[in-house]
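The values are calculated or read from the model by the stated rules, or taken from the named source; none is laboratory data. Quick caveat: nothing in here was measured; it's all calculated off a predicted structure. Cβ atoms come from the backbone with ideal geometry, glycine included; neighbour counts cover every protein chain shown. Protein only, heavy atoms only, side chains kept; ligands, DNA and RNA dropped before computing areas. Shrake-Rupley method; radii C 1.70, N 1.55, O 1.52, S 1.80 Å.
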Amino acid sequence: MKELTDLSRNDLLKLIAIIAMTDGTISTKHGKLTSLQLRTVAYNKCQHKLFRQLCKKTFNYYPKSKIYPYSENGTMDSRLYGKEYLLELLKLSPSYKTTKAHKEAIEQYLLSIQPNLRFISKEKEQLRVLALRTWFDFDGSLVPSFRLKNKKETKNGKLYQYYQIQFECDLNLSETNPNLVMELKRFCEDLGLTTNIRKDKRKWSGIDGVRV
């Protein structure tokens, strides 16, 4: 991103927090902080390139990256080690755990400390737009579609019926955490975007994110 050159260290840190909130995570071992991790399918190398660039500009340190070719498409894993970096991120949001653990009860998870977007919601518009673009890059999709609309019109007392082909293109931002979904919805609307919440009963929360 050319715009990165105009950002302060604190601004860059907040974009890293967005990555940690989407496809990234803060890893722990035996209750202790270990690393900031980004794991994607192996062909999404451009995402890891951005992650590495942000980490270098912010912490003056590159994450360690590795490709695991064991699954169908393989996975790419980038990890930034350093407790001091993780503590900086946790000052922005008290948690980056956006979904419940496999055997964790939904009610129990929702009573725990939840991630939030308050660290970015009041920033200048340029940074908020970059944050939204970053979220979209890591956890978004464009869904083009053609829909057939049945139209009816009355002219000179006669009813006319016809069909109209309508092109639509939805911008979807994926997220299942109810708290984050509501904050993401407000975040988009503060930027002048019209949104609704996507529902999906297959997801643990029944929510699949925000549609623009």
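Below are the figures for this structure:
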read-out	value
Which numbered condition ASN196 fails, given (1) free of Cβ contacts under 8 Å to residues at least 60 places away in the same chain; (2) touching a helix residue (DSSP H, G or I) at 6+ places or on another chain (Cβ under 6 Å)	(2)
Lone qualifier among THR34, THR5 - being among the β-branched types (Val, Ile, Thr), without any contact (Cβ under 8 Å) to a residue 24 or more places away in the chain and surrounded by fewer than 19 Cβ atoms within 10 Å (Cβ to Cβ)	THR5
Failed condition for MET76, given (1) closer than 17 Å to THR28 by Cβ; (2) in a strand (DSSP E or B); (3) of a type in the set (A, V, I, L, M, F, W, C)	(1)
Condition check for ASN73: farther than 18 Å from PRO115 by Cβ, within 18 Å of the chain's Cα centre (by Cα) and surrounded by fewer than 20 Cβ atoms within 10 Å (Cβ to Cβ)	no
Residue match in segment 122-144 (condition: over 25 Å from TYR43 (Cβ atoms) and of a type in the set (Gly, Ala, Ser))	no
Residues of segment 91-105 classified as within 18 Å of GLY206 (Cβ to Cβ) and among the charged types (D, E, K, R), total	2
Candidate set: segment 45-58, residues that are over 17 Å from THR25 (Cα atoms) and in contact (Cβ under 8 Å) with a residue 24 or more places away in the chain; chosen: the one most open to solvent (accessible area, probe 1.4 Å)	LYS45
All positions within segment 151-188 that are open to solvent by 80 Å² or more (accessible area, probe 1.4 Å) and closer than 30 Å to LEU127 by Cα	MET182, ARG186
Test: residue in segment 75-89 that is farther than 28 Å from LYS203 by Cβ and free of Cβ contacts under 8 Å to residues at least 12 places away in the same chain	yes
The listed residue being of a type outside the set (S, T, N, Q), open to solvent by less than 20 Å² (accessible area, probe 1.4 Å), touching a strand residue (DSSP E or B) at 6+ places or on another chain (Cβ under 7 Å) and more than 24 Å from PRO115 (Cβ to Cβ), out of ALA20, ALA42	ALA42
Matching residues in segment 8-31 - criterion: being touching a residue at least 60 places away in the same chain (Cβ under 8 Å) and assigned to a strand (DSSP E or B)	GLY24, THR25, ILE26
Residues satisfying the stated conditions in segment 83-131, i.e. open to solvent by less than 100 Å² (accessible area, probe 1.4 Å), in contact with a strand residue (DSSP E or B) (Cβ under 8 Å, 6 or more places away or on another chain) and not hydrophobic (A, V, I, L, M, F, W, C)	TYR85, TYR96, LYS97
